[in-house]
1. Please verify whether Met138 is modelled with pLDDT under 95 and either exposed (fewer than 13 other Cβ atoms within 10 Å of the Cβ) or over 18 Å from Thr4 (Cβ atoms) (or both), treating the condition exactly as stated.
2. I'd like to check something: does region 1-9 contain any residue that is in contact (Cβ under 8 Å) with a residue 24 or more places away in the chain, of a type in the set (Lys, Arg) and touching a strand residue (DSSP E or B) at 6+ places or on another chain (Cβ under 7 Å)?
3. Which numbered condition trips up Ile43, out of (1) surrounded by fewer than 17 Cβ atoms within 10 Å (Cβ to Cβ); (2) not in a helix (DSSP H, G or I)?
4. Within region 94-107, restricting attention to residues that are touching a residue at least 12 places away in the same chain (Cβ under 8 Å) and not in a helix (DSSP H, G or I), which residue is surrounded by the most Cβ atoms within 10 Å (Cβ to Cβ)?
5. Being modelled with pLDDT of 95 or more and assigned to a loop (DSSP other than H, G, I, E, B) is the filter here, so list the residues in region 59-75 that pass it.
6. Of all residues being modelled with pLDDT of 95 or more and of a type in the set (Asp, Glu) in region 17-58, which is farthest from the chain's Cα centre (by Cα)? Just the residue, please.
7. Restricting to region 108-139, give me the number of residues that are closer than 23 Å to Val38 by Cα and part of a helix (DSSP H, G or I).
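The values are calculated or read from the model by the stated rules, or taken from the named source; none is laboratory data. Predicted model, so just to flag it, every value in this text is computed and none were measured. Note that each Cβ is placed from the backbone with ideal geometry, even for glycine, and that neighbours are counted across all protein chains shown.
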Amino acid sequence: MNCTIINKTREKEWKEYKPLLEDLMVKTLRLLKVNEDVSISVILVRNKKIHEINRIYRQIDRPTDVISFAICDSEDDYEVMDDSPKELGDVFINVDAVRSQAIEYGHSEKREFCFLFTHGLLHCLGYDHMNKKDEKKMFDLQRKILDPVVPR
């Protein structure tokens, strides 16, 4: 398992969360019974950059808190032809949203950062919230993963 963080913000404070992201990833993979060696990239950006990404790739002209780009958009699997981990995709986290949403929701920046990572990771693993049934399943799973690692 590999979780690579690319910090485009140059803010050093986010580096301390890497062990938490790795813990959340291990917990998620165990819970979902994913027995493969997997890898994910987490890219930390600011409002301006995620706004641009949201506009270009989702045709939504505003910033957002997290955007995920899964390598496999369907439940179809693919085969890795060497010993490298299966790449799940990229999760872009808006650190400006982490700060403002932590205040808005009345919890720590650590909790919000880890929530956004977990949300993005689940998207890369094929979960979505396009309808009420899928939303409940995904959000219940997020709480089950996140609450023991970073309590409210």
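1. Answer is no for this residue.
2. Among the residues of region 1-9, at least one is in contact (Cβ under 8 Å) with a residue 24 or more places away in the chain, of a type in the set (Lys, Arg) and touching a strand residue (DSSP E or B) at 6+ places or on another chain (Cβ under 7 Å), which makes the answer yes.
3. (1)
4. Applying the filter and picking the extreme gives Asn94.
5. Gln59, Ile60, Asp61, Arg62, Pro63, Thr64, Asp65
6. Taking the candidates together, the pick is Glu52.
7. Final tally of qualifying residues: 15.
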